[in-house]
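To keep things clear, I will list the structure first and then write my remarks on it.
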Amino acid sequence: MNNNFRVTALAASSSGNSYHIKHNNTEILVDVGISAKCVCDRLRELGTDITNIDAIFITHEHIDHVKGLSVLSNKYDIPIHMTSRSAEEFLRKNPKAMNITPHELRFECEVGSVKAKSFFSSHDSCECVGYTFEADGYKFGLATDLGYVDREAIEALVGCNSVVLESNYDEKKLICGSYPEHLKDRIRSNTGHLSNYDCAAFARYLAENGTKFFMLGHLSEENNTPEIAYNITSRALAGFDGVVIKVASKNSLTYFI
C-alpha cells in the first residue's frame, strides 16, 4: 500500500455522498452531496480544511452528489470538474455557481501529484461517470450509481489497488419494501443502481485481478443494511488473502486507506 495515498468517505448513502482523497500535499473531493457546512465540518474532523482542497470532481448532477456544490463554488475558489451535460443541467438549476470546468464524457486531467481519469457509468442522470485517481504507481477507483457493470467500468477498475463500489440495495428488501413498483423498476434497471450481489460479483473479479481494498458505498437507507451488504461481498471474497472490506457510513467519517 502507498502510505502517501489516503481516501476517506465524508458521507455515503442514497441521501448524500462525498469522498476525500489526499496524496502528499494534493487534496481532492469527489462529489459534495451533503451541505457545504457538513463538508467543511467533516474536513476539519479529518484534520484538514476546505481551503486545502485543490479540486472537486463530480460524478453527476443528482442532488445526493451536488447538494453543497453551489455554496462551495461561490464561497471558495476551487476548480470543479464535471462533464458538460451534467454541468449544463447543474447550472440551469444553479445559475450563479462559479468555477465549473466542463469536460467531455471521458476526460483526463492532473491535479497536483494526482492524475484523474473519468469513465462512463450507466445511470439515469444527464451524464454519469466514475473516476480513477493515480499517483506514485497507486491507483484508486470509484464507481457509484452504476446501473450495471459494463466493459468500460471493468477496464477502468481492473488493476486498481483500492476501489469504492456501489452496493445500493438488497433484492429481497427492495421487492418486499414500500417503494412503488415504478421506482423499484427504475432502481433495478440498467440505468439504476447496483445490487449487493452484482457488487459482490464485480468485487470478486477485481480481487482476482489484484484489488485488495474495497469500500461499499451508496447504500439505500430503506432497501439495504450495512450488515447485509458486507456479508454478501465478504462471502464473495472468501479465500482472497489480505483483502479488506469496509462499508461507508452515512453520518460519519469512514477511513478507507
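Looking at Lys96, is it open to solvent by 30 Å² or more (accessible area, probe 1.4 Å), in a strand (DSSP E or B) and touching a residue at least 12 places away in the same chain (Cβ under 8 Å)?
Spelling it out, it is not the case that Lys96 is open to solvent by 30 Å² or more (accessible area, probe 1.4 Å), in a strand (DSSP E or B) and touching a residue at least 12 places away in the same chain (Cβ under 8 Å).
What number of residues within region 106-162 satisfy the criterion of being among the acidic types (Asp, Glu), surrounded by fewer than 18 Cβ atoms within 10 Å (Cβ to Cβ) and not in a loop (DSSP other than H, G, I, E, B)?
4
Please work out if Asn168 is touching a residue at least 40 places away in the same chain (Cβ under 8 Å) and exposed (fewer than 15 other Cβ atoms within 10 Å of the Cβ).
Spelling it out, it is not the case that Asn168 is touching a residue at least 40 places away in the same chain (Cβ under 8 Å) and exposed (fewer than 15 other Cβ atoms within 10 Å of the Cβ).
Quick check on region 202-215. Is at least one of its residues assigned to a helix (DSSP H, G or I) and under 21 Å from Ser86 (Cβ atoms)? I'd like the intermediate steps shown before the answer.
Our first condition is that a residue be assigned to a helix (DSSP H, G or I); within region 202-215, this holds for 202-208.
If we keep only those that are under 21 Å from Ser86 (Cβ atoms) as well, we get none.
There is no residue in region 202-215 that is assigned to a helix (DSSP H, G or I) and under 21 Å from Ser86 (Cβ atoms).
It is to be established whether one or more residues within region 239-248 are among the β-branched types (Val, Ile, Thr), open to solvent by less than 70 Å² (accessible area, probe 1.4 Å), over 19 Å from Ser18 (Cβ atoms) and in a helix (DSSP H, G or I).
No, region 239-248 has no match at all.
Mind listing whichever residues of region 1-34 are assigned to a strand (DSSP E or B) and of a type in the set (Gly, Ala, Ser)? Walk me through how you get there before you give the answer.
Within region 1-34, the subset assigned to a strand (DSSP E or B) is 5-13, 16-23, 26-30.
Selection gives Ala9, Ala11, Ala12, Ser13, Gly16, Ser18.
Of everything in region 229-238, what is of a type in the set (Ser, Thr, Tyr) and open to solvent by 50 Å² or more (accessible area, probe 1.4 Å)? Give them in sequence order.
Tyr230
Among the listed residues Ser121, Ser84, Ser113, which satisfies the condition of being of a type in the set (Gly, Ala, Ser), modelled with pLDDT of 95 or more and under 18 Å from Gly33 (Cα atoms)?
From the options Ser121, Ser84, Ser113, the qualifying one is Ser121.
What are the residues in region 35-67 that are touching a residue at least 40 places away in the same chain (Cβ under 8 Å) and part of a loop (DSSP other than H, G, I, E, B), if any?
Asp54, Thr59, His60, Glu61, His62, Lys67
Select from region 149-206 the residues that are more than 20 Å from Val30 (Cβ to Cβ) and either among the polar types (S, T, N, Q) or modelled with pLDDT under 95 (or both) and list them in ascending order.
Ser178, Ser189, Asn190, Thr191, Ser195, Asn196
Which of the residues that make up region 74-93 are open to solvent by 10 Å² or more (accessible area, probe 1.4 Å) and assigned to a strand (DSSP E or B)?
Across region 74-93, the qualifying residue is only His81.
Could you check how many residues of region 17-46 are open to solvent by less than 10 Å² (accessible area, probe 1.4 Å), over 28 Å from Asn223 (Cα atoms) and touching a His at 6+ places or on another chain (Cβ under 8 Å)?
Of the residues in region 17-46, 2 are open to solvent by less than 10 Å² (accessible area, probe 1.4 Å), over 28 Å from Asn223 (Cα atoms) and touching a His at 6+ places or on another chain (Cβ under 8 Å).
For Ser14, which of the numbered conditions (1) open to solvent by less than 30 Å² (accessible area, probe 1.4 Å); (2) touching a residue at least 60 places away in the same chain (Cβ under 8 Å); (3) within 22 Å of Ser167 (Cβ to Cβ) fails to hold?
Only one criterion in (1) open to solvent by less than 30 Å² (accessible area, probe 1.4 Å); (2) touching a residue at least 60 places away in the same chain (Cβ under 8 Å); (3) within 22 Å of Ser167 (Cβ to Cβ) is unmet by Ser14, namely (1).
Tell me which residues, restricted to region 190-228, are among the acidic types (Asp, Glu) and buried (at least 16 other Cβ atoms within 10 Å of the Cβ).
Asp198
The values are calculated or read from the model by the stated rules, or taken from the named source; none is laboratory data. As the structure is a computational prediction, the values presented were derived from the model and not from experiment. Positions of Cβ are backbone-derived with ideal geometry, glycine not excepted, and every protein chain shown enters the neighbour counts. Each accessible area value is taken on the protein alone, full model and side chains, heavy atoms only, with ligands, DNA and RNA left out. Shrake-Rupley method; radii C 1.70, N 1.55, O 1.52, S 1.80 Å.
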